[in-house]
1. For the list (1) in contact with a Pro (Cβ under 7 Å, 6 or more places away or on another chain); (2) under 17 Å from L32 (Cα atoms), I need the number of the one condition that V164 fails.
2. Go through the stretch 104-138 and give me each residue that's under 17 Å from P92 (Cβ atoms), loosely packed, with under 15 Cβ neighbours inside 10 Å and within 19 Å of the chain's Cα centre (by Cα).
3. Which of (1) outside any loop (DSSP other than H, G, I, E, B); (2) touching a Pro at 6+ places or on another chain (Cβ under 9 Å); (3) modelled with pLDDT under 95 is the odd one out, the single condition G152 does not satisfy?
4. Identify all residues within the stretch 15-40 that are of a type in the set (D, E, K, R) and surrounded by fewer than 10 Cβ atoms within 10 Å (Cβ to Cβ); write none if there are none.
5. Being modelled with pLDDT of 85 or more and under 15 Å from the mean Cα position of the chain (by Cα) is the requirement here; does L48 meet it?
Amino acid sequence: MDDERSPADDEGPGTTLQYPSAGFPALSTFRLRAPEGWSAIATADAVLGIRRDGSTNGGFRPNVLVNVHRLPRTGEPDLDLDRLLDGDHTLPAFEIIEDEQRSGDAPARWRRIAFLGPEGRSLLARRLMILVPVSEHYVDVVSAIGTWSSDGPADVERDVESVVGSLQVGT
């Protein structure tokens, strides 16, 4: 009979670590609601992505991407959220339009920005970031960011705001 033991099963010197476990919890779960006319997309840039079916304004397809980022816990929720928002400043012609901090059981950041996208297209984005303490040492930041063309129809902006705003964690 073949030996089906893994080298990690040996009880020799060292420690066996496992993910997920109490020391390394699984990433936070979340959900959001997509309106009619939006479909899931596969993307390497996010754990979940959706976009509006069909194009608007010159072929740009409004979209929402969701990521879960695991960070060492600082004990200062605003600092934990700020670390991820720093990347926004690298976008061409970046401008903060609105930036709101929310405190409570799940500290969050609600931000609206303008920037130049591919081919110099003027884009708007709405981001909601929710801080989720997962252990003594780690926090997860669940982040939904929706992007649309600044000259797109009003219903697109409304849809993106609705999708991003529907983000719920731990469900």
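The values are calculated or read from the model by the stated rules, or taken from the named source; none is laboratory data. For clarity, every value in this text was computed on a predicted model and none was experimentally measured. Using ideal geometry, Cβ is built from the backbone for each residue, glycine included, and neighbour counts are taken over all protein chains shown.
1. Result: V164 fails condition (1) only.
2. Correct list: empty.
3. Failing condition for G152: (1).
4. Within the stretch 15-40, E36 is the sole residue that qualifies.
5. Working: modelled with pLDDT of 85 or more: yes; under 15 Å from the mean Cα position of the chain (by Cα): yes.
It is true that L48 is modelled with pLDDT of 85 or more and under 15 Å from the mean Cα position of the chain (by Cα).
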